[in-house]
Amino acid sequence: MELDAIVDMYGMRDRVASIMVTGLIDEDIMGNSRLKAIYSYSIDSKEELDSILQFINSTWYDPDEGGLIEEDGYKDIDDLLDGTGVELED
């Protein structure tokens, strides 16, 4: 709610796309997993949803695999910022 308030305070609602999910994985009496979650979506279209999900998939790090799930994903923050003109301080 705080993030939504900040977005609205600066009049950026039409420029923000976000999906936030936080939850607990719980088991029912049959042993099936259930996600009890708090979530918030701020997207305008199915295309924005698909774009965010593609970003999540391309930046997912699987420690068992020793790297990113997607071969064409981002390797680190420098790779993510490449071409944006943004540089991190050393």
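Laboratory data are not the source of any read-out in this text; all were calculated from the coordinates shown. Please read these numbers as outputs of a predicted model, since none were measured by experiment. Here Cβ is always computed from backbone atoms with ideal geometry, including for glycine, and neighbour counts include all displayed protein chains.
How charged is the neighbourhood of Ile25? Take every other residue with its Cβ under 9 Å from the Cβ of Ile25, and add Lys/Arg as +1 and Asp/Glu as -1.
Numbers: positive: Arg34, Lys36; negative: Asp26, Glu27.
Once positives and negatives cancel, what remains is 0.
Please list, in chain and number order, the residues 5+ apart from Ser18 or on another chain whose amide H is under 5 Å from its amide H, with Hs placed from the backbone.
Distant-sequence amide H within range of Ser18: Ser42, Ile43.
Which whole-number percentage describes the relative contact order of the range 1-42, with Cα contacts under 8 Å and a sequence gap of 6 or more?
36 percent
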